[in-house]
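See below for the structure under consideration.
The values are calculated or read from the model by the stated rules, or taken from the named source; none is laboratory data. Since the model is a prediction, treat every value here as computed from it, not as a measurement. Positions of Cβ are generated from backbone atoms using ideal geometry, with glycine treated the same way; all protein chains shown enter the neighbour counts.
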Amino acid sequence: MAITSKSIALTFIFLSYTVSCVSSQRETKFLNHGFLEANLLKFGSSKVHPSGLLELTNTSMRQTGRAFHGFPIPFVKPNSSNSISFSTSFVFAITPGLGAPGHGFAFVISPSMDFHGALPSNYLGLFNTSNNGNSLNRILAVEFDTVQAVELNDIDDNHVGIDLNGVVSLESTPAAYFDDKEAKNVSLRLASGDPIRVWIEYDATEMMLNVTLAPLERPKPNSPLLSRKMNLSGILSEEHFVGFSAATGTVTSTHLVLGWSFSIEGKATDFDITKLPSVPTSPPPLSPSPSPPATIKKKSNNTKLIIISALAIGAILILVLASFWIFRRRQRFFTRGAPKFSYQSISSATGGFESSKLLGERNSGSFYKGQLSSTEIIAVKRITCPTRQQKTTLIVEIDAISKLRQRNLVNLLGYCSKGNDIYLVYEYVPNGSLDRFLFSNDRPVLTWSERFCIIKGIASALQYLHSEGQRPLIHGNVKASNVLLDEELNSRLGDYGQGSSTGHVAPELVETGKVTRDTDVYAFGVLMMEIVCGRKAIEPTKPPEEISLVNWVLQGFKKGDLLQRCDARISREELVAREVLLVLKTALLCANRSAEARPVMKKVFQYLDGTESLPLD
């Protein structure tokens with residue numbers, strides 16, 4: 001039998017384990033400033049740079065990169081089944097590729113380094129659709145996720161989560177660190193490219209797992225970002241490996257680890273940050289060519305004349321082209337361009353983008369409340385464009401979106417450009433996002449008539465975007481947090497035309513990464529179910545048959561008890577059974593796994609408006 005690279009790797013792992021049995025005491029604590037001399041096993045796309053920097057993935061699509069400490073760690077005491085305390089700290093940096101970053105990475109404690117069949121993208125190279133959530137995995141992970149997958153119950157596209165046996169987090173929260181002086185959490189952008197330090201600590205006596213983050217130059221905050229009471233006995237064993245796993249999908253990032261410290265039953269050793277490798281910067285500009293030898297400098301007068309003439313002609317051409325460009329730009333601005341605000345007026349309206357004006361943050365940008373005048377309140381979205389091309393493309397998109405006017409869309413009033421930032425100026429919608437009404441207790445319970453009106457409003461907006469605007473658009477991110485409610489609780493669909501995250505993901509979108517009108521229809525189907533049922537698309541704490549909202553509603557349809565799926569908080573006297581059944585049946589049509597079987601939005605609106613009969617009836 002031929003010796004394969006896989007068999008060699010497995011042999012090496014076995015030998016590493018044999019050595020560890022002799023020196024397990026030594027391997028319960030280590031400190032790596034960079035990874036050139038580290039006892040590290042690398043898999044997939046991972047590699048160590050000459051500087052000692054560990055790169056898990058680069059910006060290629062659908063990559064998986066893993067790196068594990070070469071010896072297993074004993075997580076239980078000898079002759080005992082009780083887990084023991086551990087502490088680890090590491091420094092990472094995520095640098096996004098062009099566009100949105102993806103998909104994130106995780107610190108992993110696993111009984112094996114064999115992840116055969118694991119998928120990239122949202123599964124982070126650790127699990128797949130069949131074993132995600134399986135208790136036999138015995139894997140503990142802390143994820144640093146930069147893509148929102150609603151079907152996996154992700155809260156946003158910039159969060160930290162504690163995972164057990166799958167990528168549906170037991171506990172998650174937006175990435176942030178606690179500022180001890182200000183006594184509050186400060187948002188932290190995972191994919192900023194800046195080094196971020198993490199502390200993960202498990203107290204076996206208290207059975208408490210704590211996760212803490214901070215920028216590299218800051219000391220460890222007094223308060224952790226995440227705390228979860230967990231009994232890890234029976235999950236961790238004497239043969240668990242520790243390491244990292246990262247993955248990309250159709251959106252990509254370079255995932256880097258600068259240093260790593262680990263300790264069993266003791267605090268992980270602190271880093272000397274001056275010894276850590278640096279995060280690579282963009283390549284420096286090319287050095288000017290050295291001066292030519294004296295003999296080459298001696299040119300004839302004819303040669304000099306030719307060079308001077310060429311330079312003059314080039315300068316004239318540049319002036320002509322520049323004049324033409326300015327003319328076309330001015331013409332576009334006055335004839336078809338989006339209205340442009342001055343940066344001074346936007347900054348003044350938002351108080352210099354002060355934190356008290358912050359409405360929310362997503363990977364696509366930050367939202368601020370502003371006041372242009374005593375009667376005009378606005379919402380400003382700040383987007384950073386890493387390249388000139390991205391900025392140009394976005395401005396062209398803004399021109400198209402600014403022309404859209406429909407009663408169920410949030411109106412784009414104009415924009416402002418400064419440096420690498422684009423500021424989109426929207427009308428302010430006072431009641432905030434729909435998700436707060438559906439999934440939290442700080443808003444009144446929506447009545448059935450209000451929900452039905454909201455659903456029809458969203459359908460009207462999507463129909464307009466797909467077919468009735470001057471240029472058809474795909475939303476790409478249909479979900480409750482992108483639906484705003486005005487004073488009368490009418491729905492206003494926002495963040496359209498940006499496609500910044502996956503939203504309620506259609507099956508084909510996972511494979512192709514391409515948003516289409518069909519993926520919008522699927523997402524709207526899931527959103528309709530959330531509005532009617534008053535719960536999220538994925539709820540891992542539910543009984544197995546109820547975890548997936550789509551499957552739960554489908555079972556209700558098959559059993560003939562769809563009305564029992566309706567939000568229990570809605571007064572039964574208010575329910576209109578015919579309308580509830582109409583919405584849920586329409587939702588099932590939209591959420592069909594086959595894109596070809598889904599109706600177009602025009603049909604969907606007609607079903608909901610009663611001008612067309614459902615094919616199910």
Which count do you get for residues in region 131-169 that are part of a loop (DSSP other than H, G, I, E, B) and either within 25 Å of THR252 (Cβ to Cβ) or touching a residue at least 60 places away in the same chain (Cβ under 8 Å) (or both)?
19
Every residue in region 242-262 that is touching an Asp or Glu at 6+ places or on another chain (Cβ under 7 Å) and among the hydrophobic types (A, V, I, L, M, F, W, C), please.
LEU256
Taking region 338-375 and keeping only residues that are outside any strand (DSSP E or B), modelled with pLDDT under 85 and not polar (S, T, N, Q), one is left with ALA338, PRO339
I'd like to check which strands (runs of 3 or more DSSP E) are fully inside region 1-69 and have at least 2 residues that are in contact with a Ser or Thr (Cβ under 9 Å, 6 or more places away or on another chain), modelled with pLDDT of 90 or more and under 22 Å from ASN128 (Cα atoms).
40-44, 54-57, 64-69
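A quick yes/no check of all residues on (1) among the aliphatic types (A, V, I, L, M); (2) touching a residue at least 40 places away in the same chain (Cβ under 8 Å):
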| residue | (1), (2) |
| --- | --- |
| HIS33 | no, yes |
| ASN39 | no, no |
| VAL48 | yes, no |
| ALA67 | yes, yes |
| GLY70 | no, yes |
| SER85 | no, yes |
| THR88 | no, yes |
From the list LYS585, LYS542, pick out the single residue that is at pLDDT 95 or above, assigned by TED's automatic domain parsing to the domain that holds VAL478 and among the basic types (Lys, Arg).
LYS585
Using the structure shown, decide if GLU217 is in the same structural domain as SER80 (by TED's automatic domain parsing), surrounded by fewer than 19 Cβ atoms within 10 Å (Cβ to Cβ) and in contact with a helix residue (DSSP H, G or I) (Cβ under 9 Å, 6 or more places away or on another chain).
yes
Which listed residue is touching a strand residue (DSSP E or B) at 6+ places or on another chain (Cβ under 8 Å), at pLDDT 90 or above, closer than 15 Å to ASP486 by Cβ and not in a helix (DSSP H, G or I), from ILE454, ILE458, ILE378:
ILE378
Of the residues in region 570-596, those that are part of a loop (DSSP other than H, G, I, E, B) and surrounded by fewer than 18 Cβ atoms within 10 Å (Cβ to Cβ) come to SER571, ARG572, GLU573, GLU574, LEU575, VAL576, ARG593, SER594
Within region 153-186, track down each residue that is aliphatic (A, V, I, L, M) and more than 12 Å from the chain's Cα centre (by Cα).
ILE162, LEU164, VAL167, VAL168, LEU170, ALA176, ALA183, VAL186
Being buried (at least 21 other Cβ atoms within 10 Å of the Cβ), over 24 Å from MET208 (Cβ atoms) and either without any contact (Cβ under 8 Å) to a residue 24 or more places away in the chain or of a type outside the set (A, V, I, L, M, F, W, C) (or both) is the filter here; which residues of region 97-118 pass it?
PRO101, GLY102, HIS103, GLY104
Within the bounds of region 523-539, is there any residue that is of a type in the set (D, E, K, R), more than 24 Å from LEU152 (Cβ to Cβ) and assigned by TED's automatic domain parsing to the domain that holds GLY457?
no
I'm told LYS602 meets every condition in (1) in contact (Cβ under 8 Å) with a residue 12 or more places away in the chain; (2) buried (at least 18 other Cβ atoms within 10 Å of the Cβ) except one. Can you identify the failing condition by its number?
(2)
